[in-house]
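S.K.: Sharing a structure with you now.
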Amino acid sequence: MSEGCEKVKIQIDKIYYLFFWLVVSFGYFFMMPTFTEDLEGVVSASLVQLLLFIIGYVYVSYLNRSFISLYSIFMIVFYLFQNGQVLLYSLGVEYDYFYVLRYDETIVLQSVIFSTQCLIAAFMAGVFSTKKEVSKPLYSYMDQLEREKLITAGKLFWGAFAIFALPFMMMKFVITSTSGYFAMIRFVGSLPTITVLFEKMFIASSVFLVVYLKSEETWSKFLKVVILGWSIMAALTGDRTVGLAGIVTLALIQTLIGNRKKKIKFSQYALLVGAAVVVMYLMSFAFQFRMQQDSKVSGLQTAVVEMIGTLGFSFFPLVLTIRIVPTSINFFRGKSYIAAIITGLIPSNFDFLHLTKTLSEWNAYPTELLDTIYHYGFGLDYSLIAEAYINFGSYGWIAIFFLCSLIAYFVRDVDFKRKDNLFSQYASLILLYSWFTLPRRKSYFIFNNFFWYVLFFGLALILVSRSIKQRKEFKK
């Protein structure tokens, strides 16, 4: 099939895809009243949701002509973070369902229905994830720069940030193993916030170099080991989902970039499956390590259940939000999204005039609200769909569609076999890494992570690579 015919076919497929999800959304709207307001209704709604997820995953994979696309990976975590524990309950799996059964069945059913509407909206946004090289000014400019100069700049960044980031991670690991997780939290809280930036730039430069270097180079192999070790230590020091994100990103790098000249083989898919199994056991062991419990080797089924249950805790903030909004708390009417865009793209580090102070309060309000009202003795965090509900109620799925359209656009699958779009490859991978835990966070992190990992890091690379070039020209 010619390239022109293939493009036409993709456009037709996208129209069919959108039409399909519109039909599904209308069908689900008429199905909603049929769910009984009890635990049986919760189970029925959850199983319908599972069916829609399976259909959606297969369809978005077909749309991207790959069973493993970056957006489909995002959709897996989107589903599990929001619905993992309810899924286990609906399948009759033995687990501690305190967070599912804590409140009235009607509230839980409303939460499942709303999360399903958001799931449909997120899959609908997948139409923007199809393979197509998009001309983004920064990306295009970066791809025109001399590769060797960028690699040199990347190595300088890596060295500068590794000096701090690696010992810092080791210190967190030692404190967790000797004094416990909460002692480590107190230690991290005593440090300036710039330490978070150092860690971000360390992982950004690591992924950047792996993308730009040839896979057979020693530096590339060394960095992959570093990323793996970093991810494991992150998991063991309490950031289990960050460790999960690192291992999955590394597996994708090995599959997509380490295999540039060939089609993905069965062995590559097996690698991803193997990585998933390792992650399941790691998350189980990491929890025991974090809480200083005796380590027990679980069976595969137990590891799967524990991983899904751990991720699925993010369903709880939605339940808490629906329970009080709008009966006790008024809708926020988009304020947190306005705050997220502005404070995310103008971080406090650069807000020397303190223009974003009020907006920062808007951004923090949803999380602080739950802590203030419920007084749970642990971090509730928040979730992407809970934020959608507190802003627009049952119409919040519309906000999810726009947010996920943005995510799909930026993690859309670039052609990893090409060598003239390396910054696009880096950006899509690092954003998937940074947005891996997004379903359990707020929309602020969509914009903030894009600022640091793409805009800030890209501009810093440009400045340093230019400086290197000018210095060499001056010597001549």
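S.K.: Among the numbered criteria (1) assigned to a helix (DSSP H, G or I); (2) within 30 Å of Ser424 (Cα to Cα), which single criterion is violated by Val42?
M.R.: So the condition that Val42 fails would be (2).
S.K.: A further question follows. Assess whether Tyr212 counts as being more than 27 Å from Ile73 (Cβ to Cβ) and in contact (Cβ under 8 Å) with a residue 60 or more places away in the chain.
M.R.: The answer is no for Tyr212.
S.K.: Next question, about the same structure. Just to be sure before I move on: is Ser215 at pLDDT below 90, surrounded by 12 or more Cβ atoms within 10 Å (Cβ to Cβ), out of contact with any Asp or Glu (no Cβ under 8 Å at 6 or more places or on another chain) and not in a helix (DSSP H, G or I) in the structure I sent?
M.R.: Considered against the rule, which asks whether it is at pLDDT below 90, surrounded by 12 or more Cβ atoms within 10 Å (Cβ to Cβ), out of contact with any Asp or Glu (no Cβ under 8 Å at 6 or more places or on another chain) and not in a helix (DSSP H, G or I), Ser215 comes out as yes.
S.K.: For the structure I just gave you, tell me whether Met307 is within 22 Å of Ala251 (Cβ to Cβ), among the hydrophobic types (A, V, I, L, M, F, W, C) and at pLDDT 80 or above.
M.R.: yes
S.K.: Mind listing whichever residues of region 322-342 are in contact with a Leu (Cβ under 7 Å, 6 or more places away or on another chain) and surrounded by 23 or more Cβ atoms within 10 Å (Cβ to Cβ)?
M.R.: Ala339
S.K.: Let me ask you something else. Among the residues of region 82-130, write down those that are aromatic (Phe, Trp, Tyr) and in a helix (DSSP H, G or I).
M.R.: Correct list: Tyr89, Phe98, Tyr99, Phe114, Phe123, Phe128.
S.K.: How about region 362-475: which helices (runs of 4 or more DSSP H) wholly inside it have at least 1 residues that are of a type in the set (A, V, I, L, M) and under 21 Å from Gln82 (Cα atoms)?
M.R.: 384-392, 396-411, 422-434, 444-450
S.K.: Just to be sure I understand, how many residues within region 176-212 are farther than 30 Å from Thr152 by Cβ, of a type outside the set (S, T, N, Q) and crowded, with 21+ Cβ neighbours inside 10 Å?
M.R.: The number of residues fulfilling the criteria is 1.
S.K.: If you go through region 27-70, how many residues are surrounded by 15 or more Cβ atoms within 10 Å (Cβ to Cβ), of a type in the set (A, V, I, L, M, F, W, C) and under 23 Å from Ile15 (Cβ atoms)?
M.R.: Final tally of qualifying residues: 5.
S.K.: Within region 8-28, can one find any residue that is among the acidic types (Asp, Glu) and within 21 Å of Val411 (Cα to Cα)?
M.R.: Checked against the condition, which is being among the acidic types (Asp, Glu) and within 21 Å of Val411 (Cα to Cα), region 8-28 yields at least one hit.
S.K.: Inspect region 413-428 for any residue being within 22 Å of Arg240 (Cβ to Cβ) and not basic (Lys, Arg) and give the result as yes or no.
M.R.: no
S.K.: Quick one: Thr152 ticks every box in (1) of a type outside the set (Phe, Trp, Tyr); (2) within 25 Å of the chain's Cα centre (by Cα); (3) closer than 21 Å to Trp219 by Cβ except a single one, so which number is it?
M.R.: Looking at each condition in turn, Thr152 falls short on (2).
S.K.: Can I ask one more? Of all the residues that make up region 23-64, how many are free of Cβ contacts under 8 Å to residues at least 60 places away in the same chain, out of contact with any Ser or Thr (no Cβ under 8 Å at 6 or more places or on another chain) and among the hydrophobic types (A, V, I, L, M, F, W, C)?
M.R.: Of the residues in that region, 9 qualify.
The values are calculated or read from the model by the stated rules, or taken from the named source; none is laboratory data. Computed from a predicted model, the values in this text were never measured in an experiment. Positions of Cβ are backbone-derived with ideal geometry, glycine not excepted, and every protein chain shown enters the neighbour counts.
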